[in-house]
Amino acid sequence: METYGHEHVIQVTDLRRVYGGGFEAVRGISFSVRRGEIFALLGTNGAGKTSTVELLEGLAAPADGRVRVLGHDPYTERSLVRPRTGVMLQEGGFPSELTVAETARMWAGCVSGARPPAEVLALVGLESKARTRVKQLSGGQRRRLDLALALLGDPEVLFLDEPTTGLDAEGRRDTRELVSALRDGGTTVLLTTHYLEEAENLADRLAIMHEGRFATTGTPAEVTATEPSRISFELPDGYFAGDLPPLGELGVAGHHTDGRMIRLSTHEPQRTATGLLMWAAQARVELRRLDVRSASLEEAFLRIAKEVSAERTRGTSTKEYAA
Amino acid sequence: MSATHPTSRPVPAATTALSRMAALARAELTLLGRTRGALVAALFVPLVLPVSTSQASQEMDLAEAGLDTGTLVLPAAVGFSLLFAVYSVLVGTFVVRREELVLKRLRTGEVRDVEILAGSALPAVLTGLAQCLLLAAGCALLLDMSAPSAPHLAVLGLLSGLVMCAALAAVTASFTRTGESAQVTPMPLMLVSMLGSGMFFPLELLPDRVASVCALLPLTPVVTLVRGGWTGDLSANETLGAVATAVAWIVVSVFAVRRWFRWEPRR
């Protein structure tokens, strides 16, 4: 029943996960991922990313809500889903005394239509480590071994839980290139990451999770669209903040001074920058360390984290009043 | 990088339960060969202990129980092998694989839960089987024993013992948190079995009430069946009772594993 060409390969509706102790890690999230799309889950530690991914992988049953992967329930219809998915857990999962090649051979024996183990090891650049014991690998090499095994069965859907954590800059770049090549080949990818620029560059769509819910979701452009751009510069010698033109007229939404550094946030970066530069030209001063940058995911992420900590502070103070 | 070929995906060669278990068993056999300590304990202790049973038997009135040194030592040797080469080794295997997150990782793939446990258990079970056959042959030769008069009972006892010890190991692993504690948690069952299942002395020499309690221990029916296989003086009722006890332990163990086995470490 191969009817989904462009349809949703992953569909999640009102998903909840509650742990034994009563902790509600996932509190009603809904989203879907189309074939050939990379969807990234971002969030602070403990936001519920891994708890969500484990439900999609079929490792646990949801407390409530519905998951469909390739049209099936990954928990109850395990045998229909597993041959078509590849999984990379957040942390290893290999016997430490086996060599890389032995580990890959063991996995290949458990995967339908497995590619030759040497081929996937080469794909992640581990061919020279084939005879090395897993316990002697670096953290980054272990991540790459994990990725290689997830790719053994040529999966249609890939779940990658922090695939680049522990990798050096080069390793991260290689993994990103590999993942986007897989996407171009039609593989659907759901990944979690701590690296915001990774999500921004790699993901077609993303969600920022917080306390088990989606704080925001959309394409990287949509998520950052509502965030202000940042402008910063050093005040010229002999000038004070009050000497600047009225900031409101330049479209500045917020500002703060940090020693001699002025930091502005604006939704109209061109208008603000033009106004500042014209003022500087007329005053014949140089705006040293001038920096204009459009909003990135980092702003969105930090704002969400900040709103949350503000909520927490309010929460605690109410409790204090009550006491 | 040509990573996938999504349009012309050929129908993949599907794995079978057997091929998956074989892959796991092969890896686990390699690992067994690399854990020296466990291997030495598994291979040599069951060879040494029967000697002490044999020496102790010199001071017992075995004839009263209708036994001789051979029919005491051989079933005991099988029991030692099951405890050391199968049960105790597998508790460690299951716990260490869980701590290494291997079990969790395997569960993300096509392998079914029962295959993970059975495949991982296979090398130890086969080691135990080979050891039991070797010990039986050795005892028969050295102790000048006659051929077993009811060999099917001995085979039945041995096979049920292998399955039971693997299942009991998974149960013990359910309640063992770390690799270190896996050195200790198998002790109670091992001690109780050695003392109460007729490995150091026959139950016939115990007071009746104690003996009837000991008959319910997991390894007692195994020892009883193997011994009966040689002596041939096990009544139909006694055979049935032993088989029922063994089956009951296997069923209870499987139930306990399904109910309590942990696939991930506690965090």
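The values are calculated or read from the model by the stated rules, or taken from the named source; none is laboratory data. Everything quoted here is computed from the prediction, not taken from an experiment. Note: ideal-geometry Cβ built from the backbone for every residue, glycine included; neighbour counts use all protein chains shown.
Restricted to the range A:191-215, and to residues there that are more than 19 Å from A:A305 (Cα to Cα) and touching an Asp or Glu at 6+ places or on another chain (Cβ under 9 Å), the residue that is nearest to the other protein chains (Cβ to nearest Cβ) is A:L191. Exactly one residue out of A:E197, A:E156, A:E170 is crowded, with 19+ Cβ neighbours inside 10 Å and charged (D, E, K, R): that is A:E156. Would the range B:32-51 turn up any residue that is part of a helix (DSSP H, G or I), modelled with pLDDT under 95, more than 16 Å from the chain's Cα centre (by Cα) and hydroxyl-bearing (S, T, Y)? Among the residues of the range B:32-51, not one is part of a helix (DSSP H, G or I), modelled with pLDDT under 95, more than 16 Å from the chain's Cα centre (by Cα) and hydroxyl-bearing (S, T, Y), which makes the answer no.
Within the group B:E110, B:E64, B:E99, which residue is surrounded by fewer than 21 Cβ atoms within 10 Å (Cβ to Cβ) and within 14 Å of another protein chain (Cβ to nearest Cβ)? Break it down into steps so the answer makes sense when it comes.
Numbers: B:E110 fails: surrounded by fewer than 21 Cβ atoms within 10 Å (Cβ to Cβ); B:E64 fails: within 14 Å of another protein chain (Cβ to nearest Cβ).
None of the others qualify; the one that does is B:E99.
In contact with a Leu (Cβ under 8 Å, 6 or more places away or on another chain), in contact (Cβ under 8 Å) with a residue 24 or more places away in the chain and part of a loop (DSSP other than H, G, I, E, B): which single residue out of A:G166, A:G186, A:G86, A:G93 fits that description? That would be A:G93, the only listed residue that is in contact with a Leu (Cβ under 8 Å, 6 or more places away or on another chain), in contact (Cβ under 8 Å) with a residue 24 or more places away in the chain and part of a loop (DSSP other than H, G, I, E, B).
Between B:T185, B:T93, the distinction of being at pLDDT 95 or above and part of a loop (DSSP other than H, G, I, E, B) belongs to B:T185 only. So for the range A:98-108 (the condition being at pLDDT 95 or above, at the interface with chain B (Cβ under 9 Å from one of its Cβ atoms), part of a loop (DSSP other than H, G, I, E, B) and over 30 Å from A:S30 (Cβ atoms)), does at least one residue qualify? Yes.
If a residue has to be without any contact (Cβ under 8 Å) to a residue 24 or more places away in the chain and within 7 Å of chain B (Cβ to nearest Cβ) to count, how many in the range A:109-121 make the cut? Give the derivation first.
So the first thing to find is which residues in the range A:109-121 are without any contact (Cβ under 8 Å) to a residue 24 or more places away in the chain, and the list is A:109-110, A:116, A:118-119.
Next, from what is left, pick out any that are within 7 Å of chain B (Cβ to nearest Cβ): A:109-110.
Residues flagged as without any contact (Cβ under 8 Å) to a residue 24 or more places away in the chain and within 7 Å of chain B (Cβ to nearest Cβ) within the range A:109-121 amount to 2.
Exactly one residue among B:E100, B:E110 is in contact with a Gly (Cβ under 9 Å, 6 or more places away or on another chain) and without any contact (Cβ under 8 Å) to a residue 40 or more places away in the chain, and that residue is B:E100.
Among (1) over 20 Å from B:E100 (Cβ atoms); (2) touching a Gly at 6+ places or on another chain (Cβ under 6 Å), where does A:T164 come up short? Condition not satisfied by A:T164: (2).
Would you mind stating whether A:R131 is more than 8 Å from every other protein chain (Cβ to nearest Cβ), of a type in the set (D, E, K, R) and in a loop (DSSP other than H, G, I, E, B)? In short, yes.
If we keep just the residues of the range A:45-81 that are under 17 Å from the mean Cα position of the chain (by Cα) and more than 13 Å from chain B (Cβ to nearest Cβ), which is farthest from A:R16 (Cα to Cα)? That would be A:N45.
B:M187: buried (at least 18 other Cβ atoms within 10 Å of the Cβ), closer than 20 Å to B:F80 by Cα and not aromatic (F, W, Y), yes or no? So B:M187 does not fit the description; no. Taking the stated definitions as given, is A:G93 in contact with a helix residue (DSSP H, G or I) (Cβ under 8 Å, 6 or more places away or on another chain) and at positive phi? Yes. Among the residues making up the range B:191-208, those that are part of a helix (DSSP H, G or I) and surrounded by 17 or more Cβ atoms within 10 Å (Cβ to Cβ) are B:S193, B:M194, B:G196, B:L203.
Before we move on, is A:L264 under 30 Å from A:H194 (Cβ atoms) and touching a residue at least 12 places away in the same chain (Cβ under 8 Å)? Taking the combined requirement at face value, the residue satisfies it. Hey, does the range A:221-232 have a residue that's touching a residue at least 24 places away in the same chain (Cβ under 8 Å), at positive phi and of a type outside the set (K, R)? Scanning the range A:221-232 turns up no residue that is touching a residue at least 24 places away in the same chain (Cβ under 8 Å), at positive phi and of a type outside the set (K, R).
Let's see how each residue does on (1) polar (S, T, N, Q); (2) loosely packed, with under 15 Cβ neighbours inside 10 Å; (3) not in a helix (DSSP H, G or I):
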residue	(1), (2), (3)
B:E115	no, no, no
B:S120	yes, no, no
B:T127	yes, no, no
B:Q131	yes, no, no
B:A137	no, yes, no
B:L141	no, yes, no
B:S149	yes, yes, yes
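Among the residues of the range A:21-41, are any among the aliphatic types (A, V, I, L, M), under 26 Å from B:E110 (Cβ atoms) and surrounded by fewer than 22 Cβ atoms within 10 Å (Cβ to Cβ)? Yes, the range A:21-41 contains a residue that is among the aliphatic types (A, V, I, L, M), under 26 Å from B:E110 (Cβ atoms) and surrounded by fewer than 22 Cβ atoms within 10 Å (Cβ to Cβ).
Inspect the range A:210-225 for any residue being acidic (D, E), surrounded by fewer than 21 Cβ atoms within 10 Å (Cβ to Cβ) and within 30 Å of A:D174 (Cα to Cα) and give the result as yes or no. Checked against the condition, which is being acidic (D, E), surrounded by fewer than 21 Cβ atoms within 10 Å (Cβ to Cβ) and within 30 Å of A:D174 (Cα to Cα), the range A:210-225 yields at least one hit. Beta carbons closer than 6 Å, at least 6 apart along the sequence or on distinct chains, pair a first residue in the range A:44-58 that is closer than 14 Å to A:V12 by Cα with a second that is surrounded by fewer than 23 Cβ atoms within 10 Å (Cβ to Cβ) and of a type in the set (F, W, Y) for A:G58/A:Y75.
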